[in-house]
Amino acid sequence: MAAFAVGAVAIAWPLSRSDAAPGHVVAAPAPQASPAGELTVASVDTDKKATKKRDKKSAEKKASGPSKYTDITAEAYFRSRWNDKTAKRVKDIRTTGRYLRIYTNLPENADNSKAAITLCKRGLEYLAERGEANPVVFVQSRFGENGNPVLANVLGPDDDDCRVTYPKPKK
């Protein structure tokens, strides 16, 4: 019975406030007692703006499409120059200084794949046309357990083959 009282207060209290905006109040489903006497209360998500904002933040984190960080110039460059299967793998392109990150829908086990290497070389071409003397390019997989792992990269002027290298194990 105490749980029911707490639930009733949680529903009624906002309605009793004089500053509550009637347009934003939605009745929650009535609490239901199970045969075992446990109280079950369903949650109602009425804030569509908040839901949309959470979804957008999730997409930005996953880099699964354009976001506020998207380099529109780089994206237009890629879309206008290449219209092949490899280009269709690109989901977002982000630039910070001389760093270019190309997010794809490739799986995380596609490191050094033909598509990843091709996208890396295209990224180098884009940065060269912008006049970047020391380009850094990362081609990254779709979001997964490990975030967006790097599939191909160029880490500076001494690295030009786009292949991800792995440190040799210490003996």
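The values are calculated or read from the model by the stated rules, or taken from the named source; none is laboratory data. Predicted, not measured: the structure shown is a model, and the values here were computed from it. Because the Cβ atoms are built from the backbone with ideal geometry, glycine has one as well, and the counts that use them run over all protein chains shown. Please note that ligands, DNA and RNA were not included when accessible areas were found on the heavy atoms of the full protein model with its side chains. Shrake-Rupley method; radii C 1.70, N 1.55, O 1.52, S 1.80 Å.
Out of the residues in the range 155-166 that are closer than 20 Å to Ser141 by Cβ and at pLDDT below 85, which is most open to solvent (accessible area, probe 1.4 Å)? Please lay out each step first, then the result.
Here is the first cut: in the range 155-166, the residues closer than 20 Å to Ser141 by Cβ are 155, 159, 161-166.
Narrowing further to those that are at pLDDT below 85: 165-166.
Numbers: Thr165: 109, Tyr166: 139 Å².
Once the filter is applied, the top-ranked residue is Tyr166.
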Please list, ordered by first then second residue, the pairs with beta carbon atoms under 6 Å, 6 or more apart or interchain, first in the range 59-73 and of a type in the set (A, V, I, L, M, F, W, C), second surrounded by fewer than 16 Cβ atoms within 10 Å (Cβ to Cβ) and at pLDDT 60 or above.
Ala59/Gly65
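Residues checked against (1) among the aliphatic types (A, V, I, L, M); (2) free of Cβ contacts under 8 Å to residues at least 40 places away in the same chain; (3) outside any strand (DSSP E or B); (4) out of contact with any strand residue (DSSP E or B) (no Cβ under 9 Å at 6 or more places or on another chain):
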position: Ala76; (1), (2), (3), (4): yes, yes, yes, yes
position: Arg79; (1), (2), (3), (4): no, yes, yes, no
position: Asn83; (1), (2), (3), (4): no, yes, yes, yes
position: Arg94; (1), (2), (3), (4): no, yes, no, no
position: Tyr103; (1), (2), (3), (4): no, no, no, no
position: Pro107; (1), (2), (3), (4): no, yes, yes, no
position: Arg122; (1), (2), (3), (4): no, no, yes, no
position: Glu125; (1), (2), (3), (4): no, yes, yes, yes
position: Gly131; (1), (2), (3), (4): no, yes, yes, yes
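Working only within the range 133-166, note down all residues that are in a loop (DSSP other than H, G, I, E, B), more than 17 Å from the chain's Cα centre (by Cα) and among the hydrophobic types (A, V, I, L, M, F, W, C).
Taking the range 133-166 first, the residues in a loop (DSSP other than H, G, I, E, B) are 133-135, 141-143, 145-146, 148-149, 155-166.
Still in the list and also more than 17 Å from the chain's Cα centre (by Cα): 133-135, 155-166.
Of everything in the range 133-166, those that are in a loop (DSSP other than H, G, I, E, B), more than 17 Å from the chain's Cα centre (by Cα) and among the hydrophobic types (A, V, I, L, M, F, W, C) turn out to be Ala133, Leu155, Cys162, Val164.
Scan the range 79-114 for residues that are of a type in the set (Val, Ile, Thr), within 15 Å of Leu155 (Cα to Cα) and surrounded by 15 or more Cβ atoms within 10 Å (Cβ to Cβ) and jot them down. Quick ask: steps written out before the conclusion?
Initially, the range 79-114 is screened for residues of a type in the set (Val, Ile, Thr), giving 86, 90, 93, 95-96, 102, 104.
Filter again for within 15 Å of Leu155 (Cα to Cα), leaving 95-96, 102.
Matches in the range 79-114: Thr95, Ile102.
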If you check Thr51 against the conditions, is it assigned to a loop (DSSP other than H, G, I, E, B), farther than 15 Å from Ala152 by Cα, open to solvent by less than 100 Å² (accessible area, probe 1.4 Å) and at pLDDT below 90?
no
